[in-house]
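Structure, as structure tokens:
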Amino acid sequence: MHSDDNLIRLEKPINEKTTAVLSVTFKNENGVDVNPDTATYTLYDRSTRQIINGRNGTTIAGSGATRTIELVPADNAIINPVRQTEEHRLLIEYTFGGSGKAGSSEVQLVIVNLLMKS
């Protein structure tokens, strides 16, 4: 993954209806790894803003500064079947430090419509 203006873009597209595993490392305002008090994600289609597979404020389980998000096949479904690819967004929000400090990042996911792939 690489970052540009707080948007993280995956280097490789994800095939529709497949499992994708993402590793997330939480950082404070100084770029130091932190173990968040709370961590959630919301998954949506960029063009329609439609929440995908009910993933709205979904808890990111685990402990430590680095955690794993597993997107199941239903999370990587194509919303508009006439598109060759779709851009989905994964909004990650977290609090840390026991004092209500907060952080967030957004990940761009490109989902490939296998039926439209030539």
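Observations, loosely collected:
- Amide H within-cut-off set for Ile78, under 5 Å, with H built and near neighbours excluded: Lys17
- Across segment 90-107, coupling constants 3J(HN,Hα) worked out from phi with the 6.51/-1.76/1.60 Karplus curve, θ = phi - 60°, read 10, 8, 10, 10, 8, 10, 7, x, x, 10, x, 5, 9, x, 7, 8, 10, 10 Hz, and Gly and Pro carry x.
- Backbone N under 13 Å from the Lys101 label point (7 Å along Cα→Cβ), restricted to segment 14-46: 26-37
- Proximity of backbone amide H atoms, modeled 1.01 Å from N, is registered between Lys27 and Val34 at under 5 Å, excluding neighbours fewer than 5 places apart on the same chain.
- Extending 7 Å from Cα along the Cβ direction at Ser47 and again at Leu10 yields two label points whose distance is 1.9 nm.
- Distance from segment 58-103 to segment 6-24 (C-alpha centre basis), Å: 10 Å
- 17 Å reach of a label modelled at Ile79, 7 Å along Cα-to-Cβ, counting backbone N of segment 36-63: 41-58
Taken together, the values in this text are just the output of simple stated rules run on the coordinates, not laboratory data. For clarity, every value in this text was computed on a predicted model and none was experimentally measured. Quick reminder, even Gly has a Cβ in these numbers, built from the backbone with ideal geometry, and neighbours come from all protein chains shown.
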